[in-house]
Structures are given as C-alpha cells and as structure tokens.
Amino acid sequence: MGMHEAILVVDDEPDILELVKYNLAKEGYRVECVQSGEDAISRARSIIPDLIVLDLMLPGIDGLEVCKRLKADARTAHIAIIMLTAKGEDADVVTGLELGADDYITKPFSPRVLLARVKALLRRREA
C-alpha cells in the first residue's frame, strides 16, 4: 500500500486547512488545500486526488454541489469524499451520502479521528 496518496482539502477556514494539512502530511500523504467550491472542482479535475476532505459550508458553490458535480463526471466519480459538517446539518449529511459521499465528520473534530477515517476509506478503496 503506497502512502503517497493525494488528498485535496476544501475548507474556507485557513486554521482548519492548516490543521488538516499538517496531520495528513505528517502521515506521508500529499496534501493540496483550496478554499472554495469552484477551486475544489478545478483542482480535483487536474490532480485527480485519491480522496477529498470537503467542507459543506463553502462560499459560492457549496460542498453538496461540489460533490454532485464530481460524482457526475467520469474522471472524478471514483474519488473518495469525506464531508466536514457543522453540528445540526443532518439533512445535508443525508443528501451528501445520497449524492455519493463516503463518510462525514462533524466539526469540531479530532485530527486523529479524521486521520483514522481517511486511512480506513483509502484501505476500503484498495480492497
């Protein structure tokens, strides 16, 4: 199992991007960060990451729309997606899972839990 999987992290809060990037990079993942839905879609299409950590509350195109567009595109449909959601966004979580997202984590979250979810999801993908 190669530990050089690429992960795209999408969140409009720089401190969360830093936290997630630091913890994933420490484990050997290649991490790219973007702050908007528009950038998420264009980066996903250019780098084709193995997994996307996607905040649902984004300016412009929100996370659910990003998920919908990536799953509708044959080039990006296979990418694993973990949604980051605020407490109480249950309806959005359900919609996201129906759109093809693989997992979700509610904020505030522990970096160790995120890392465990990422590892488990990438392992499942390889199986």
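Of the residues that make up region 29-39, is at least one farther than 25 Å from residue 98 by Cα and either open to solvent by less than 30 Å² (accessible area, probe 1.4 Å) or touching a residue at least 40 places away in the same chain (Cβ under 8 Å) (or both)?
For region 29-39, residues farther than 25 Å from residue 98 by Cα and either open to solvent by less than 30 Å² (accessible area, probe 1.4 Å) or touching a residue at least 40 places away in the same chain (Cβ under 8 Å) (or both): present.
Hey, can you tell me all the residues within region 75-86 that are surrounded by fewer than 16 Cβ atoms within 10 Å (Cβ to Cβ) and within 22 Å of residue 127 (Cβ to Cβ)?
Across region 75-86, the qualifying residues are 77, 78.
For the structure I just gave you, tell me whether residue 65 is more than 22 Å from residue 127 (Cα to Cα), touching a residue at least 24 places away in the same chain (Cβ under 8 Å) and open to solvent by 20 Å² or more (accessible area, probe 1.4 Å).
Considered against the rule, which asks whether it is more than 22 Å from residue 127 (Cα to Cα), touching a residue at least 24 places away in the same chain (Cβ under 8 Å) and open to solvent by 20 Å² or more (accessible area, probe 1.4 Å), residue 65 comes out as yes.
Name every residue in region 40-60 that is within 19 Å of residue 103 (Cβ to Cβ) and open to solvent by less than 30 Å² (accessible area, probe 1.4 Å), in order of residue number.
40, 44, 49, 51, 52, 53, 54, 55, 56, 58
Of the residues in region 1-15, how many are buried (at least 17 other Cβ atoms within 10 Å of the Cβ) and either at pLDDT below 95 or farther than 22 Å from residue 86 by Cβ (or both)?
Residues in region 1-15 being buried (at least 17 other Cβ atoms within 10 Å of the Cβ) and either at pLDDT below 95 or farther than 22 Å from residue 86 by Cβ (or both): 1 in total.
The values are calculated or read from the model by the stated rules, or taken from the named source; none is laboratory data. Computed from a predicted structure; not experimentally measured. Methodologically, a virtual Cβ is constructed for each residue, glycine included, from the backbone with ideal geometry; neighbour enumeration extends over all protein chains shown. Note: accessible area is taken over every heavy atom of the protein model, side chains too, but ligands, DNA and RNA are not part of it. Shrake-Rupley method; radii C 1.70, N 1.55, O 1.52, S 1.80 Å.
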